[in-house]
């Protein structure tokens, strides 16, 4: 259904896009990637307004997303 695309839930978007199985394979083969995925998977659009987020947690999120080797964004770009 078209309305399924209107979400910020990463797990749902991965399923819709057809790359969820690839993510699971990569996470199973690469522990550092698994840690990074675990860091970002529960992010939501409301997370950015959470004032209780510590600097350490914010830095961990940045690394989990942006690491050029094991980051989630690098993996996602490779899926295109």
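The values are calculated or read from the model by the stated rules, or taken from the named source; none is laboratory data. On a predicted model such as this, the values are computed, not experimentally measured, just so you know. So basically every Cβ, Gly included, is an ideal-geometry build from the backbone, and we count neighbours across all protein chains shown.
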Restricting to segment 65-80, name every residue that is in contact with a helix residue (DSSP H, G or I) (Cβ under 7 Å, 6 or more places away or on another chain) and assigned to a helix (DSSP H, G or I).
65, 66, 72, 73, 75
Here are 46, 54: which of them is loosely packed, with under 10 Cβ neighbours inside 10 Å, within 16 Å of residue 10 (Cβ to Cβ) and either free of Cβ contacts under 8 Å to residues at least 60 places away in the same chain or out of contact with any strand residue (DSSP E or B) (no Cβ under 8 Å at 6 or more places or on another chain) (or both)?
46
For segment 24-55, which positions are farther than 28 Å from residue 6 by Cβ and modelled with pLDDT of 95 or more?
28, 29, 30, 31, 32, 34, 35
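Name the helices (runs of 4 or more DSSP H) wholly inside segment 5-64 in which the number of residues that are more than 16 Å from residue 78 (Cβ to Cβ) is 3 or more.
Ranges flagged: 10-17, 31-40.
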